[in-house]
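Down below is the structure, laid out as structure tokens.
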Amino acid sequence: MNTTEKVRALLTPYAENQEYDSQDLTEIAGYLLKKEGIDHVVMSGRLYLQEGEEYPHYWIELNTGHIVDFRCPATDEGVFLPKQCTYVGERATDLMTNKCRFRTLTEK
């Protein structure tokens, strides 16, 4: 199983919960990826769609060039190479989830 398959399998159960917005899901994903030892960078900024729409957004970048974003309206893949949209942002150092925050988010 390659990295993107591992990430997709690890995060899909959480992504299926529509109560989580992009920030919540990014926090959950960041925590789980760190726990699994998968290199990643948590990001915040803006998501630009090809149709000209833009949104404030959170996502994760993998060292493979893939984006982890289960709330991207341009695709339902969750882990993908960003061809359908553009992400512009910076490392979200204030969005580092610890075990306590993870439990709070996932025990809603």
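Every number in this text was worked out from the coordinates using simple rules, so none of it is lab data. Everything numeric in this text was worked out from a predicted model, so none of it was measured. Ideal geometry is used to build each Cβ from the backbone, glycine not excepted, and the neighbour counts take in all protein chains shown.
Bin by bin, in steps of 10 Å, what percent of the Cα pairs in the range 59-108 do you find, going until the bin that has the longest distance?
Taking all Cα pairs of the range 59-108, the binned fractions are 21, 43, 32, 4 percent.
Could you put ILE38, ILE60 in order, starting from the residue whose Cβ has the fewest other Cβ atoms within 10 Å? The partial results should precede the final answer.
Values: ILE38 18, ILE60 24.
Listed from fewest to most nearby Cβ atoms, that is ILE38, ILE60.
Given the options ALA74, ALA15, ALA29, state which has the largest fluctuation in a GNM of the chain using a 10 Å cut-off (strictly under) for Cα springs.
Sorting by GNM fluctuation, first place goes to ALA74.
Tell me, what is the FRET efficiency for GLN23 and VAL88 to the nearest 0.05, using R0 = 22 angstrom and their Cβ-Cβ distance as r?
Numbers: r = 17 Å, r/R0 = 0.76.
So, using R0 = 22 Å, E works out to roughly 0.85.
On C-alpha positions alone, give me the angle between the axis of helix 3-15 and the longest principal axis of the chain, in degrees, nearest 10.
80
Name the aspartates and glutamates eligible as straight-distance cross-link partners of LYS6: C-alpha to C-alpha under 17 Å, and not fewer than 8 places from it in the same chain.
Those aspartates and glutamates meeting the cut-off are GLU16, GLU36, ASP39, GLU61, ASP69, ASP76, GLU77.
When averaged across all projection directions, what area in nm² does the alpha-carbon convex hull of the chain cover?
Values: hull surface 25.7 nm².
It is 6.4 nm².
List MET96, MET1, MET43 from most exposed to least, where exposure is judged by having the fewest other Cβ atoms within 10 Å. Present the calculation step by step, with values, prior to reporting the outcome.
Values: MET96 12, MET1 8, MET43 22.
With the sparsest Cβ surroundings first, the list reads MET1, MET96, MET43.
How big is the charge dipole of the chain about its Cα centre, in debye rounded to the nearest 20, if each Lys and Arg gets +1 on its Cβ and each Asp and Glu gets -1 on its Cβ? Mind dumping the intermediate values first?
Numbers: 12 positive and 18 negative charges, 92 e Å.
With only Lys, Arg, Asp and Glu charged at Cβ, the dipole is about 440 debye.
Given the C-alpha centroids of the range 51-85 and the range 1-18, what is the distance between them in whole angstrom?
Here the answer is 14 Å between Cα centres.
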